[in-house]
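Engineer: If you scroll down you'll find the structure; I have some questions about it.
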Amino acid sequence: MQHSSRLKLLFAALLTAVLVFCGTVPPASANYDGAFEAYVARDYDTAFRLAHDAANAGDARAQTMLGSLYAQGRGVARNKQEAIRWYETASGQGHAGADFELALLYLDGSSGEADLARAIEFFTRAAEKNHAVAQFNLALIYAGADGRQPNWEKTHEWLARSAEQGFAEAQYNLGVLYAQGKGVEENQVTSAHWIGLAAQQGLSDAALDYGFMVFRGQGVQKNEQLGARWLLFAAEKGNVVAQNRMARLYRAGVAVQTDPVEAAKWHILAREGGRVDDNLDEFLETLTPEQRQSADERVNAWRTQFAAQAAEN
Amino acid sequence: MTNGRSRLFLVSPPNPDPATFPAVFEAAAAAGDVASLLLRFTDTAEATLDLIASIMPSGYDHNVAIIVEGDAELAANSGADGVHIAASADAYSAARTLLGSDRVVGALSNGSRHAAMELGELGVDYIAFDQTTQLEVGSVPGGETVNPLTWWSQLFEVPCVGFDPVECADIAPTIAAGADFIRPPDAMWSSADRASETVRRYNTQIDATQ
């Protein structure tokens with residue numbers, strides 16, 4: 001699985017509003033609930049107005065949301081200093097989401113100077129309050145994502161805590177640690193367990209690795225048909241390695257019905273994505289004009305659907 | 001409620017006892033109309049495959065869909081009728097790819113309207129709501145709350161499950177709120193007699209409501 005198993009830093013882009021603002025349970029606040037609804041509905045003017053009221057009334061979730069609105073310039077003019085002020089207020093009340101946001105600001109230096117030590121401090125605060133994404137990011141920092149010497153024991157500890165909470169990226173990376181025996185004794189069964197959980201959550205990198213594991217019976221019951229389904233899922237999510245592998249399976253009729261048009265479709269898509277395969281190039285030359293035309297049509301249909309999905313996310 | 005008569009959506013206790021549960025489930029399934037059984041496992045040991053295998057015949061005989069919680073691969077490997085997942089578009093597409101279009105993929109709402117609607121559009125077979133506790137999905141700016149079942153059933157043809165257990169006396173208002181599927185409380189599993197009595201009583205009450 002070396003082709004794709006690796007630790008990857010994950011930043012704010014992946015966060016949903018739910019992860020950022022939820023956390024410790026403050027006193028009920030109708031304004032906060034309304035602000036949250038408005039935020040989810042992308043009505044940022046209303047979200048700002050309601051969050052502002054609730055934040056001033058002392059609601060830590062609202063303070064964090066307000067910080068985020070200032071940081072992104074949503075519902076109000078962008079103002080980093082105001083963002084930091086509200087995050088710090090919420091952090092002072094023990095809000096893990098605010099700790100996390102502050103850690104990100106110190107990490108990328110958008111608050112002024114990048115300050116890794118402070119980033120680690122705030123990630124740790126949030127992580128100790130069981131903030132799953134903070135735990136994950138902390139694990140990656142300990143894995144040497146910042147260029148320092150890796151501490152695999154700490155990486156394992158924080159990945160495990162995040163994975164136990166069901167965070168898919170952490171489950172996948174924890175599985176990779178078990179596969180590689182880093183910070184923990186190598187164990188293919190435990191590795192397959194965690195990577196499988198991440199795959200079930202729809203993480204395409206995990207689905208690719210897990211598909212290979214199921215296909216080969218590595219740490220898990222061997223089942224070529226099921227392995228091929230996982231690879232198909234990763235291929236549908238745009239993974240070029242999986243697309244190449246599906247092209248080969250459809251061409252050879254292994255674990256799936258032989259289907260030259262599907263084989264051609266996946267090969268053309270994988271090749272566009274940079275995955276070359278001379279054998280499959282030769283195979284394309286053997287197609288009838290009708291088969292080639294069908295494959296091109298399916299490629300176009302796939303692209304259209306993939307772009308539509310990407311736009312929605 | 002738009003799709004005809006409401007039906008029962010049974011939910012097993014976590015990790016049902018393979019020695020006793022199959023007989024209790026058979027009693028429930030034989031006692032009256034049951035749409036489905038959701039099997040809950042907190043760990044997926046080898047024994048779960050045996051348990052599913054021992055339950056499938058009752059499900060087949062009485063036309064009850066056997067649905068596995070959380071693990072699409074277990075559903076695929078065991079031949080169960082479907083999987084019940086957390087509401088996530090990515091998890092839905094993984095489960096759908098694994099199970100194909102003939103089997104059931106249902107989802108439990110996490111309280112996000114957006115996630116529920118996305119799943120509805122993707123083709124989820126049902127969506128379940130914790131109707132008594134999930135206020136976020138039902139609240140609107142201004143503070144007025146709406147039952148999530150009502151919100152959903154006015155927007156989508158996809159059937160919805162009242163996932164919080166419903167006492168017999170609360171069947172009518174739950175159906176009125178929009179539930180296509182009703183879940184009795186877990187106490188029904190305490191014995192075969194209790195299970196069959198519950199299914200009979202709930203069906204009588206559903207018939208009286210509609």
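The values are calculated or read from the model by the stated rules, or taken from the named source; none is laboratory data. Predicted model, so just to flag it, every value in this text is computed and none were measured. Counting neighbours? That spans all protein chains shown, and the Cβs are built from the backbone with ideal geometry, glycine included. Areas reflect the complete protein model, heavy atoms only, side chains present, ligands, DNA and RNA absent. Shrake-Rupley method; radii C 1.70, N 1.55, O 1.52, S 1.80 Å.
Engineer: Enumerate by residue number the GluC sites (Glu not before Pro) in the stretch A:106-137 meeting two conditions: DSSP loop (anything except H, G, I, E, B), and at most 10 other Cβ atoms within 10 Å of the site's Cβ.
Structural biologist: Values: sites: A:113, A:121, A:128; in loops: A:113.
Passing both the DSSP loop test and the Cβ count: A:113.
Engineer: Let me ask something else. Could you work out how far the C-alpha centroid of the stretch A:257-287 sits from that of the stretch A:147-208, in angstrom?
Structural biologist: 33 Å
Engineer: Given a 1.4 Å probe and every protein chain left where it sits, what share in percent of the accessible area of the protein assembly as shown is carbon and sulfur?
Structural biologist: Taking all protein chains in place, the protein assembly as shown shows 49 percent carbon and sulfur surface.
Engineer: Now, a different point. Rounded to the nearest 0.05, what FRET efficiency do residue A:277 and residue A:311 have when you use their Cβ-Cβ distance and R0 = 45 Å?
Structural biologist: Computed FRET efficiency for residue A:277 and residue A:311 comes out at 0.95.
Engineer: Now for a different question. What does the net charge come to around residue B:121 if you take all other residues with beta carbon closer than 15 Å to its beta carbon, with K and R at +1 and D and E at -1?
Structural biologist: After counting each charged neighbour, the total is -3.
Engineer: Further question: Using the Kirkwood radius built from alpha carbon pairs, what does the Stokes-Einstein equation give as D for chain B at 4 °C and 1.567 mPa s, in µm² per second?
Structural biologist: For the chosen part, D equals 75 µm²/s.
Engineer: Give me the distance in nm between label points sitting 7 Å out from Cα along the Cα-to-Cβ direction at residue B:5 and residue B:157, one decimal.
Structural biologist: Between residue B:5 and residue B:157, the label points sit 2.2 nm apart.
Engineer: Taking K and R as +1 and D and E as -1, what net charge do the other residues with C-beta under 15 Å from the C-beta of residue A:97 add up to? Don't skip to the end; give the middle numbers.
Structural biologist: Numbers: positive: A:61, A:125, A:129; negative: A:59, A:88, A:99, A:101, A:128.
Within the 15 Å Cβ shell, the charges total -2.
Engineer: Pick out the long, greasy-scoring helices in chain B: whole DSSP H runs spanning 24 Å or more along their own axis by Cα, mean Kyte-Doolittle at least -1.0.
Structural biologist: B:46-61
Engineer: Would you mind getting the accessible area per residue of chain B, heavy atoms of the protein chains only, 1.4 Å probe, in Å²?
Structural biologist: Computed with neighbouring chains in place, this is 40 Å² per residue.
Engineer: Sort the stretch A:217-263 into rounded, prolate or oblate with this rule: let a ≥ b ≥ c be the square roots of the eigenvalues of the Cα gyration tensor; rounded if a/c is under 1.5, and if a/c is not under 1.5, prolate when a/b is larger than b/c, oblate otherwise.
Structural biologist: Values: a/c = 2.43, a/b = 1.29, b/c = 1.88.
It comes out oblate by the Cα gyration axes.
Engineer: Does anyone have the angle between helix A:96-108 and the longest principal axis of chain A? Alpha-carbon axes, 0 to 90°, nearest 10?
Structural biologist: 70 degrees
Engineer: Moving on. Normalised by the number of residues in chain B, what is the relative contact order in percent for Cα pairs under 8 Å and 6+ residues apart?
Structural biologist: Dividing the mean separation by the residue count of chain B yields 25 percent.
Engineer: Still on this structure: Relative contact order of the stretch A:241-313, please, whole-number percent, based on alpha carbon pairs below 8 angstrom and at least 6 residues apart. Don't skip to the answer; put the middle values down first.
Structural biologist: On the way: 62 pairs, mean separation 20.4, N = 73.
Answer for the stretch A:241-313 is 28 percent.
Engineer: Further, regarding this structure: What nm value, rounded to one decimal, do you get for the distance between residue B:121 and residue A:74 when each label is placed 7 Å out toward the C-beta?
Structural biologist: The answer from the label model is 1.8 nm.
Engineer: While we're here: Between the helical axis of A:30-40 and the dominant principal axis of chain A, each derived from Cα atoms, what acute angle in degrees is found, rounded to the nearest 10?
Structural biologist: 30 degrees
Engineer: Total accessible area buried between chains A and B, 1.4 Å probe, in Å² to the nearest 100? Provide the component values of the computation, followed by the final result.
Structural biologist: Values: alone 14890 and 9280 Å², together 22530 Å².
Using a 1.4 Å probe on protein heavy atoms, the buried area is about 1600 Å².
Engineer: Express the accessible area of chain A per residue in Å², computed with a 1.4 Å probe while the remaining protein chains stay in the model.
Structural biologist: 45 Å²
Engineer: Calculate the length of the line joining the C-alpha centroid of the stretch B:44-91 to that of the stretch A:66-99, in whole Å.
Structural biologist: The two parts, judged by their Cα centres, are 45 Å apart.
Engineer: Mind pulling the per residue volume of the convex hull built on the Cα atoms of the protein assembly as shown? Å³ is fine.
Structural biologist: In the protein assembly as shown, the Cα hull volume divided by residue count equals 167 Å³.
Engineer: Something else: Work through the residues other than residue B:68 whose Cβ is under 12 Å from its Cβ and net out their charges, Lys, Arg +1 and Asp, Glu -1.
Structural biologist: Once positives and negatives cancel, what remains is -2.
Engineer: Counting just the Cα atoms, what span does the stretch A:227-313 cover along each of its three principal axes? Round to the nearest Å and put the largest first.
Structural biologist: 38, 29, 23
Engineer: Give the percent of DSSP beta bridges with both residues in the protein assembly as shown that are antiparallel, rounded to the nearest 5.
Structural biologist: 5 percent
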